[in-house]
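Accompanying notes for the structure given below.
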Amino acid sequence: MSLDASRAIFGTYGYLYIDGRWQTNINHLEANVEMEKKELLLSGDAWKRHKKGPMKGTGTMSGLKVTSEMLQRGFGKFEIISKLDDPEAYGHERIRLKNVMVDGLPLANWKTGEEVVEEIKFTFEEYKLLDPIVAG
């Protein structure tokens, strides 16, 4: 049985909420979590074994500059909720990123005749899958 192409999810239907408020100007979000693995060498074992270590969450959000809200927020922690909600998908997915902190803030980056786009890198500490997409 082949994939029903209408079920593929488009980022067009992505939403980003900061502390519960929809950020209509954000049109790109990327968030990743990495786990550091510790190598273990055990007596009498020819294989290197691995144990879970600490995790690190990083991400980037970008979009059109509309207000100075991010500058006013500064480097305080906040929460992001990512929502993917393609109407043809099997459902929607929501992921909460906790304890988000920006790495830096763009103070000025503009060029005459072009829209101003802001890109903000961040880290986060913990995530939770609130609503998974499950094939019906």
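Coordinate-derived values only; no laboratory data. Because the structure is predicted, anything quoted here is derived from the model rather than measured. Cβ placement follows ideal geometry from the backbone for every residue including glycine, while neighbour counts extend to all protein chains displayed.
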Taking a ≥ b ≥ c as the square roots of the eigenvalues of the Cα gyration tensor, with a/c under 1.5 meaning rounded and otherwise prolate when a/b exceeds b/c and oblate if not, the stretch 59-99 is oblate
Checking 31, 108, 46 against a Gaussian network model of the chain (alpha-carbon springs below 10 Å), the top fluctuating residue turns out to be 46
Taking Lys and Arg as +1 and Asp and Glu as -1, residues besides residue 71 with C-beta under 13 Å from its C-beta add up to 0
Here the relative contact order (percent) of the chain, from C-alpha pairs under 8 Å and at least 6 apart, is 26
Per the 1/(1 + (r/R0)^6) rule, R0 = 25 Å and r from the Cβ atoms of residue 15 and residue 105, FRET efficiency to 0.05 is 0.65
Here Rg/Rh (Cα, Kirkwood) for the stretch 36-136 equals 1.15
Site residue 131, offset 7 angstrom along Cα→Cβ, radius 19 Å on amide nitrogen, limited to the stretch 77-92, gives 79-92
Full extension between residue 27 and residue 49 adds, at 0.36 nm per residue less the Cα distance, a length in nm of 3.8 nm
A student applying the Cα gyration tensor rule (rounded when a/c is under 1.5; otherwise prolate if a/b is larger than b/c, oblate if not) would label the stretch 36-76 prolate
Helix-only [θ] at 222 nm, the chain, -39500 (n - 2.57) per DSSP H run of 4+, per residue, nearest 500, equals -500 deg cm²/dmol
Total charge of the residues flanking residue 41 in space, meaning their Cβ is under 12 Å from its Cβ, with Lys and Arg +1 and Asp and Glu -1, is +2
Expected vector for the stretch 42-51, Karplus 3J(HN,Hα) from phi with 6.51, -1.76, 1.60 and θ = phi - 60°, integer Hz, x for Gly and Pro, equals 10, 4, x, 10, 7, 9, 7, 9, 10, 10
Between residue 6 and residue 41, Cβ-based FRET efficiency (R0 35 Å, step 0.05) works out to 0.10
Exposed GluC sites (Glu not before Pro) being those in a DSSP loop with at most 16 other Cβ atoms within 10 Å, the longest stretch of the chain free of them is 1-87
So the number of lysine pairs in the stretch 10-68 with alpha-carbon atoms under 16 angstrom apart, 8 or more residues apart or on different chains, is 8
